[in-house]
1. Highest mean first, how do 60-70, 99-109 rank when packing is the count of other Cβ atoms within 10 Å averaged over residues?
2. Determine the calculated [θ] at 222 nm for the chain from helices alone, applying -39500 (n - 2.57) to every DSSP H run no shorter than 4 residues and normalising by the residue count; nearest 500 deg cm²/dmol.
3. Excluding residues fewer than 8 places away in the same chain, name every one of the lysines whose C-alpha is closer than 20 Å to that of residue 241.
4. On a 24 Å Cα-Cα criterion, which of the cross-link pairs 99/402; 19/402; 19/331 come out too long?
5. Pop the C-beta distance of residue 449 and residue 155 into the FRET formula with R0 = 35 Å and round what comes out to the nearest 0.05.
6. How far apart, in nanometres, would the label points at residue 364 and residue 275 be if each is projected 7 angstrom from Cα along the Cα-to-Cβ direction?
7. Using only the Cα atoms of segment 293-354, what do you get for the radius of gyration and for Dmax, in Å?
8. Could you list which residues have their amide H under 5 Å from that of residue 329, counting only those 5 or more apart in sequence or on another chain, with H placed in the peptide plane?
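Here, each number is a calculation from the coordinates, and none is a lab measurement. Predicted model, so just to flag it, every value in this text is computed and none were measured. Heads up, the Cβs are rebuilt from the backbone with ideal geometry, glycines too, and the neighbour counts pull from every protein chain shown.
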Amino acid sequence: MTVQGSAADVAQSASPGLKKNTIGAFGMTFMVIAAAAPMTAMASNLSISLALGVGAGTVGQLILVAGLLAIFAVGFVVLSRHVTNAGAYYVFIGYGLGKRTGAASAFVASVAYNMAAGGMIAATGYFASLTVESYTGLSVPWYVYGAVALVVTGVLGVRGVGIAQRFTTGISLIQFGIIIALGVAILLQRPEGWSLAAFSPSAAFNGNIAISLVFCVLSFAGFEATAIYGEEAKAARRSIKIATYSSLILLAAVFVFSTWSIVSAFDDVQSVALEDAGTLVFRTADMYLGPWSGGVLSTVVTVSFLAAAIAFHNMAARYLFALGRTGLLPKRLARTHSRFGTPYISSMVQIAISFVMLVPFVLTQADPIVNLFPAVSGITSLSLTSLMIGCCVSIIVASTRKLLPEGLWATIVAPAISGAGLLIIVIIIVMNYQAVTGSDSLVVALMPAIPAAAAIYGAIAYRRRHAADLEEHLRE
């Protein structure tokens, strides 16, 4: 592992470390795309924007958000040249803002990715149950399929990112195929519906701009996670750069095309979406592809949630590994598999965390989509956006301390612009938290206290470990 400058310190481990050269830029790109789950984003975030936000103007807002994230990526890629760590935000934020702040951010990221992994497992089980019942009439509880998904995720996690990225790449390509097929069908059957008006500023800023902006950002959530695989990547710095930009470009292209397709399918897409945003994509497919497409889309949504679960599992496991290696969590978490070179203890712990998350919903027979997903969406949206802001500030501070030799645009201007934009989005999320989560539950509203508590714990844990190291040094 390479950590330069004032990046977070890394304790030596008896483990040989993560297996090198197991994933390239192509695999990293599709691990990120799998986490974004294009089909599920279309069926949820973007459909909600079409219904409750700016309607057809969502197409223009996607371009605006992609532009903002592209500016963020400039500084992010610069920082990736100087630090490489499986707990990416740990060293990225710690590089400029200090190790204690880096430790706090690592715990926030760990909570967000662990909750996201558990949420995706629940969604996989839920939609698998619906899909199987639609084909066979057999009703099996969602948690049975969720247990299967948990086993598959755990096995692939232990086997390594090499096999996981092949699995998630296949699922991502299937999603792309369905999205393209639907778009082509709409183009052939209703060519007059395709209008450039959806890209106009008047459309993008007409309606509930805040809601659309938030849900467009959420659709790209996790695109910056390429750096997590830096220690396992071939030609890490080059691969991170290529994967970061490639994933952003691909996600932007597929989201803009698919959303424009749905907009073009109707005279007034917002009115149609308001009828039931959750079924908008399925209803559109029924109209333009035929009734057979419903079951196919349901299957694709199911496997896309599974791919997202695998991607988030790998991210969460690598954060647990990094925190174990630094001594901020038990060092056993830093052990790697003798054959596969994977953080297998951390993978098993992550599976256990997902299991513990889901047990209450099984015991109470609560709907995981209605009750768990709001909490997951709220925590991940706030946590990941806040961490990106932390990266922007870290880059600027590191530049002023002469730790980054790159130019003014990459180290000051781009981070300042993207940081300011992301800060506005965080404020919007907080102000519209009920709409973002889709829940008015007090419990869901208080859930952001979990990553906040994790940040405080991380800072305290770092201080205690630093004090213990100093005391041991003085005894010597």
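1. Working: 60-70: 20.7, 99-109: 26.9.
Packing order, densest peptide first, comes out as 99-109, 60-70.
2. Working: 21 runs with 340 residues, N = 476.
About -23500 deg cm²/dmol.
3. 20
4. Values: 99/402 17 Å; 19/402 33 Å; 19/331 18 Å.
Pairs exceeding the cut-off: 19/402.
5. Working: r = 34 Å, r/R0 = 0.97.
The formula returns an efficiency of 0.55 here.
6. 3.4
7. 15.2, 51
8. Those lying under 5 Å, H to H, from residue 329 are 324.
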